[in-house]
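The values are calculated or read from the model by the stated rules, or taken from the named source; none is laboratory data. Computed from a prediction, not measured in an experiment: that's the story for all the values here. Here the Cβ positions follow ideal geometry from the backbone for every residue, glycine too, while neighbour counts run over all protein chains shown. Keep in mind that these areas ignore ligands, DNA and RNA; they rest on the heavy atoms of the full protein, side chains included. Shrake-Rupley method; radii C 1.70, N 1.55, O 1.52, S 1.80 Å.
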Amino acid sequence: MRVVIGQAEALLRAGLTHVMQAAGFDVVAAVADAHELVRTAGEHVPDIVVTDIRMPPDHEDAGLRAAMEIRREHPEIAVLVLSQHLQRAYAVELLGTRSSGVGYLLKQRIADIDGFTDDVRRIAAGGTVLDPEVVSLMVSRARGHHDALDRLTPRQRQVLALMSEGRTNASIARTLSITERAVVRHTSRIYDELDLALSDDDHRRVLAVIRYLSF
């Protein structure tokens, strides 16, 4: 799997490159500037771009802007954006209208190397990965605006949070130690309470939930 890395700090760039190469990824380029990231992604057309949000030239959200530009110009390239701090708005903006092949994680997740590399593979395969802390923030804020969320049971809110992370029914069942049939019942009830159209497509399912929580 071919990867392009965008990270301004040399030490972190080298560390991330080492982690990914050790996990079997082919890091074809690692750059320190957002403009260079866009150019390099266009040149190599990797399976996935992994980038920090804060990069030159503005040292603010240039990495996010670069990721969104890459998604527009090369829809086949998956993107994973890493952030030092929790920003709900970044997750919402990154997802836009297409939730497949995209991820938003806090940098601290890299410490769990196996979990991090699994997430990279899932995103590159077309999946969606959102940091659990981002999902928790979105759910807590949305509860202040949506009475429907208060009608969900604690278990249903757990399922909703995992759905928002892009988990499959099987993954949700394993995480909560329940059956897949129980997950289906919970998700059906969630769709009813939130007035969301039922879909067999995981990406549309995530997008619908995220849009709801983003209001």
Inset, instruction - Restricting attention to the range 75-94, report how many residues are open to solvent by less than 40 Å² (accessible area, probe 1.4 Å) and closer than 19 Å to V134 by Cα. - result: 7
Legend entry - Every residue from the range 46-67 that is of a type outside the set (A, V, I, L, M) and assigned to a strand (DSSP E or B): T51, D52
Legend entry - Test: residue in the range 57-74 that is under 25 Å from V134 (Cα atoms), buried (at least 23 other Cβ atoms within 10 Å of the Cβ) and in contact with a Gly (Cβ under 7 Å, 6 or more places away or on another chain): yes
Inset, instruction - Find the residue count for the range 47-56, including only residues that are closer than 16 Å to L16 by Cα, over 16 Å from the mean Cα position of the chain (by Cα) and open to solvent by less than 40 Å² (accessible area, probe 1.4 Å). - result: 1
Inset, instruction - Kindly list, by first and then second residue, each pair from a residue in the range 36-53 that is without any contact (Cβ under 8 Å) to a residue 40 or more places away in the chain to a residue that is in a helix (DSSP H, G or I) and of a type in the set (G, A, S), limited to pairs with Cβ atoms under 6 Å and residues at least 6 apart or on different chains. - result: L37/A66; V38/A66; I53/G63
Inset, instruction - For R141, indicate whether it is loosely packed, with under 15 Cβ neighbours inside 10 Å and either at negative phi or modelled with pLDDT of 80 or more (or both). - result: yes
Inset, instruction - Kindly list the number of the only condition in (1) more than 21 Å from R39 (Cα to Cα); (2) modelled with pLDDT of 85 or more; (3) over 11 Å from the mean Cα position of the chain (by Cα) that fails for A67. - result: (1)
Inset, instruction - Collect the residues in the range 175-194 that are open to solvent by 40 Å² or more (accessible area, probe 1.4 Å), assigned to a helix (DSSP H, G or I) and either of a type in the set (S, T, Y) or touching a Pro at 6+ places or on another chain (Cβ under 8 Å) (or both), keeping them in residue-number order. - result: T175, S188
Legend entry - Pair list, Cβ < 7 Å and 6+ apart or interchain, from the range 106-123 residues that are outside any helix (DSSP H, G or I) to residues that are modelled with pLDDT under 90 and open to solvent by 70 Å² or more (accessible area, probe 1.4 Å): L106/E133
Legend entry - Unmet requirement for L152, which otherwise passes all of (1) assigned to a helix (DSSP H, G or I); (2) open to solvent by less than 30 Å² (accessible area, probe 1.4 Å); (3) not polar (S, T, N, Q): (1)
Inset, instruction - Filter the range 12-34 down to residues that are surrounded by 15 or more Cβ atoms within 10 Å (Cβ to Cβ), assigned to a helix (DSSP H, G or I) and not aliphatic (A, V, I, L, M), then give me how many there are. - result: 2
